[in-house]
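Worksheet for the structure shown next.
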Amino acid sequence: MGIEKEGNRVMKKQKLGNSGLGVAPLALGGNVFGWTADEPTSFKILDAFVAAGCNLIDTADIYSRWAPGNKGGESETVLGKWLRRSGNRGKVLIATKVGMEMGPDRKGLSKSYILRAAEDSLKRLQTDYIDLYQSHTDDPETPLEETLEAYAQLIRQGKVRAIGASNYTADRLTQALEAGTRPGYPSYQCLQPLYNLYDRAEYETELEPLCLEKGVGVIPYFSLASGFLTGKYRSEKDLANRPRGEMVKKYLNERGFRILDALDQVAGQHHSAPAIVALAWLIARPSITAPIASATSLDQLTDLIEATNLALDPSSIELLNLASA
């Protein structure tokens, strides 16, 4: 584990699988750039994130195609403008993704499509390489070898440094890792799964043992369960007119409230806040390299970064584990 000094802040870096990339314990989610965070706000958040000593920024070509008036690529475009303006390319690791539907004939993990999509992402990001290029979702129609061939070509060309997978089942990840051991193929160095204090079962039962055994890094998304684990949504009334209201509704149940109670209790003991505790719980888990969380304001970002300073004691972790079991 290396230590890097960034501004006044010293932040420990963990290895991301066997990629040779060193990652601070918190990653910034770029899904909000050009959606719920406009360009000036996104720039401020990115500046503060780097000043705090963090370095991994996660985006995807599809962000934020779902927003009215957007067509996809907005997040990468904002990030690219910031990279050019800030001169911070050498200080950050850019992770982006390919495979989700960007339009007719623009989806999946075929070799021809990946090569085309990578060029589009590089253009928007205004950079000549991507640090971590990830398969956004499994594509059962395309042989795993064909997908890895595309990545091999991009790595040879110096356009990609390492590859990862997102939303893969344990079975498919096992097959992909097996394919990646053959001569000429690169191997997935990290997994980006859905994982947080509420959504635990699938990752912990099948994916976690596999990632630990194979030395695969893990950068979970929805680390705060779409904002539910911040504690700001405690009834349907709190969800009215919120961009993520529909996504949070499924957490408003007996188990969800039990988890919030435990977060409140631990936050009280540590003079902290539920969001900070929820992220610190993830950071403390041995299989996790860096949880991904997004911020739409500097205040939110300050809270997220605070999680890297909070070392939870065993009894706090046990309390959270039991409440969320």
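The values are calculated or read from the model by the stated rules, or taken from the named source; none is laboratory data. Note that this is a predicted model, so its numbers are computed, not measured. With ideal geometry, Cβ positions are generated from the backbone for all residues, glycine too; neighbour counts draw on all protein chains shown. For the accessible areas, the whole protein counts, side chains as well, though only heavy atoms, and no ligand, DNA or RNA atoms are used. Shrake-Rupley method; radii C 1.70, N 1.55, O 1.52, S 1.80 Å.
Report, to the nearest 10°, how far helix 74-86 tilts away from the longest principal axis of the Cα atoms in the chain, using its own Cα long axis and a range of 0 to 90°.
90 degrees
Quote the charge dipole size of the stretch 115-234 about the Cα centre in Debye, to the nearest 20; the model charges only the Cβ of Lys and Arg (+1) and of Asp and Glu (-1). Intermediate values should be presented prior to the final figure.
On the way: 12 positive and 18 negative charges, 120 e Å.
The dipole magnitude comes to about 580 debye.
If you place +1 on the Cβ of every Lys and Arg and -1 on the Cβ of every Asp and Glu, how big does the dipole about the Cα centre of the stretch 1-124 come out, in debye to the nearest 20? Each step should come with its number before you reach the end.
Numbers: 20 positive and 13 negative charges, 69 e Å.
Around 340 debye, computed over the stretch 1-124.
For the Cα atoms of the chain, what angle does the longest principal axis make with the long axis of helix 314-324, in degrees from 0 to 90, nearest 10?
80 degrees
Dipole size in debye (nearest 20) for the chain around its Cα centre, Lys and Arg Cβ +1, Asp and Glu Cβ -1? Can you show the working numbers first?
Values: 37 positive and 40 negative charges, 179 e Å.
Once rounded to the nearest 20, the dipole reads 860 debye.
Would you kindly state the longest site-free stretch of the chain, with sites defined as trypsin sites (Lys or Arg not before Pro) in a DSSP loop (not H, G, I, E, B) surrounded by at most 16 other Cβ atoms within 10 Å? Mind dumping the intermediate values first?
Values: sites that count: K71, R200, K232, R234, R244.
Here the longest run is 72-199.
Could you rank the peptides 292-302, 51-61 by their average count of other C-beta atoms within 10 Å per residue, with the highest value first? Mind dumping the intermediate values first?
Numbers: 292-302: 18.5, 51-61: 24.4.
Result, highest mean Cβ count within 10 Å first: 51-61, 292-302.
Take the alpha carbon atoms of the stretch 217-245, find their center, do the same for the stretch 116-169, and report the distance between the two centers in whole angstrom.
29 Å
Restrict the search to the stretch 150-219; then list the GluC sites (Glu not before Pro) that DSSP places in a loop and that have at most 14 other Cβ atoms within 10 Å of their Cβ.
On the way: sites: E178, E202, E204, E206, E213; in loops: none.
Taking the stretch 150-219 and a limit of 14 other Cβ atoms within 10 Å, no loop GluC sites (Glu not before Pro) are found.
On C-alpha positions alone, give me the angle between the axis of helix 144-156 and the longest principal axis of the chain, in degrees, nearest 10.
80 degrees
Run the Debye formula on the Cα coordinates of the stretch 63-222, all scatterers equal and no solvent, and tell me log10 I(q)/I(0) at q = 0.11, 0.13, 0.16 1/Å.
Log10 I(q)/I(0), no solvent term: -0.45, -0.63, -0.95.
State in Å² the accessible area per residue of the chain; use a 1.4 Å probe, count heavy atoms of protein chains only, and round to the nearest integer.
Working: 13910 Å² over 325 residues.
It amounts to 43 Å² per residue over the chain.
Along the charge dipole of the chain, which of V78, L304, G227 sits closest to the positive end, that is, farthest toward it, with unit charges on the beta carbon of Lys, Arg, Asp and Glu (+1, +1, -1, -1)?
V78
Among G53, A262, L109, which residue has its Cα positioned farthest towards the positive end of the charge dipole of the chain, with +1 placed on the Cβ of Lys and Arg, -1 on the Cβ of Asp and Glu, and the dipole taken about the Cα centre?
So the residue furthest toward the plus end is G53.
Report, in whole Å, the centroid distance computed from the Cα atoms of the stretch 44-76 and the stretch 297-320.
22 Å
Output the antiparallel fraction of DSSP beta bridges having both residues in the chain, as a percent to the nearest 5. The partial results should precede the final answer.
Numbers: 8 of 33 bridges.
Bridges in the chain that DSSP calls antiparallel: roughly 25 percent.
With runs of 4+ DSSP H residues as the only contributors, calculate the mean residue ellipticity of the chain at 222 nm using -39,500 (n - 2.57) per run, divided by the residue total and rounded to the nearest 500. Before the final figure, lay out each step's value.
Numbers: 12 runs with 126 residues, N = 325.
Helix contribution divided over all residues of the chain: -11500 deg cm²/dmol.
May I ask which residue of A150, L194, P140 lies farthest towards the positive end of the charge dipole of the stretch 100-211, with charges of +1 (Lys, Arg) and -1 (Asp, Glu) on Cβ and the Cα centre as origin?
The listed residue farthest towards the positive side: A150.
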